[in-house]
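Chemist: Can you keep this structure in mind? I'll have questions shortly.
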Amino acid sequence: MKACLTLALELFDAYSDMGDEEQAAALAVLRRSDPALHDALVQLLVTDALDHEMDVPPWVGHAGAGDAMPMDELPDDATAEPAGGRAQRA
């Protein structure tokens, strides 16, 4: 199973860059040729597609569903973008 997961990780970028129809066709071919690899790759693709708690600023990620802080109530030194997370603007 480790080899299968390793190969799925190697294929992940190529499959995640495909359009929906192209990806579906490629996954169908993979499912027929190597069901275990197909399942491992689909698990990676689905996990990547889900919302992740770490994808939001820390003051929103750990708040309860109704506790998110509106943008106009952010702390004075807080920004909408993580520090160093984006290229500096000119």
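This table checks each residue for (1) outside any loop (DSSP other than H, G, I, E, B); (2) modelled with pLDDT of 95 or more.
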site	(1), (2)
30	yes, yes
45	yes, no
48	yes, no
51	no, no
54	yes, no
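Chemist: Also, quick follow-up: Taking region 13-43 on its own, how many of its residues are within 20 Å of residue 2 (Cβ to Cβ), open to solvent by less than 40 Å² (accessible area, probe 1.4 Å) and of a type in the set (A, V, I, L, M, F, W, C)? Even if it seems obvious, please write down each step before you answer.
Modeler: First, pick out the residues of region 13-43 that are within 20 Å of residue 2 (Cβ to Cβ): 13, 15, 30, 33-43.
Applying the additional criterion that residues be open to solvent by less than 40 Å² (accessible area, probe 1.4 Å) yields 15, 30, 37-38, 40-41.
This time we only want the ones that are of a type in the set (A, V, I, L, M, F, W, C), so: 30, 37, 40-41.
Here the count works out to 4.
Chemist: Go through (1) modelled with pLDDT under 60; (2) surrounded by 10 or more Cβ atoms within 10 Å (Cβ to Cβ); (3) touching a Phe, Trp or Tyr at 6+ places or on another chain (Cβ under 9 Å) for residue 61 and report which single condition fails.
Modeler: Tallying (1) modelled with pLDDT under 60; (2) surrounded by 10 or more Cβ atoms within 10 Å (Cβ to Cβ); (3) touching a Phe, Trp or Tyr at 6+ places or on another chain (Cβ under 9 Å), residue 61 fails exactly one: (3).
The values are calculated or read from the model by the stated rules, or taken from the named source; none is laboratory data. All values reported here derive from a predicted model rather than from experimental measurement. Reconstructed Cβ throughout: ideal geometry from the backbone, glycine too, with neighbour counts over all protein chains shown. Ligands, DNA and RNA are stripped out before the accessible areas are found, and what is left, the full protein with its side chains, is counted by its heavy atoms. Shrake-Rupley method; radii C 1.70, N 1.55, O 1.52, S 1.80 Å.
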